[in-house]
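A.B. asks: Have a look at this one before I ask anything.
The values are calculated or read from the model by the stated rules, or taken from the named source; none is laboratory data. Predicted, not measured: the structure shown is a model, and the values here were computed from it. All Cβ positions, even for glycine, are placed from backbone atoms using ideal geometry, and neighbour counts span all protein chains on display. When the accessible area is computed, the model is the full protein with side chains, heavy atoms only, and any ligands, DNA or RNA have been set aside. Shrake-Rupley method; radii C 1.70, N 1.55, O 1.52, S 1.80 Å.
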Amino acid sequence: QVCPRLRTPRLPIWLCSITGRHSVLFGTDRQLLSDWKRERVFHLYFYNGQLEQTKTAHLTIDTHSHHWEEDQSEDPSSPGKRRPSVEMAIRTKWAGATVSWNGTDPFF
């Protein structure tokens, strides 16, 4: 059985294995884990240590975005709807959240 602290650790740091690569997803706001109001819009940082990543990606997470505001005319399986694996990992904790990469090209 998995320890509950793996899903909600004491510090906002998650060690991830995404598509077979180890990476770190972390936040600088310690209260993110203890104050549910902080989970509305917050920032996380992602680093995978691969050569193609030259700097830590700064991500903005919005847990109250409206998924129905996305373009409904686009086929969900089209390349434009493909989501990076790190976004899918984030959604295991915050279902339905939108992720802004803040100018960084998303990693697939």
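A.B. asks: Condition first: more than 13 Å from Ala97 (Cβ to Cβ) and either open to solvent by 40 Å² or more (accessible area, probe 1.4 Å) or hydroxyl-bearing (Ser, Thr, Tyr) (or both). Now tell me which residues in the stretch 40-59 satisfy that.
C.D. replies: Tyr45, Tyr47, Gly49, Gln50, Leu51, Glu52, Thr54, Lys55, Thr56, His58
A.B. asks: I've got another one for you. Restricting to the stretch 93-105, and then to whatever is within 16 Å of Arg40 (Cα to Cα) and assigned to a loop (DSSP other than H, G, I, E, B), can you tell me which residue is least open to solvent (accessible area, probe 1.4 Å)?
C.D. replies: Ala97
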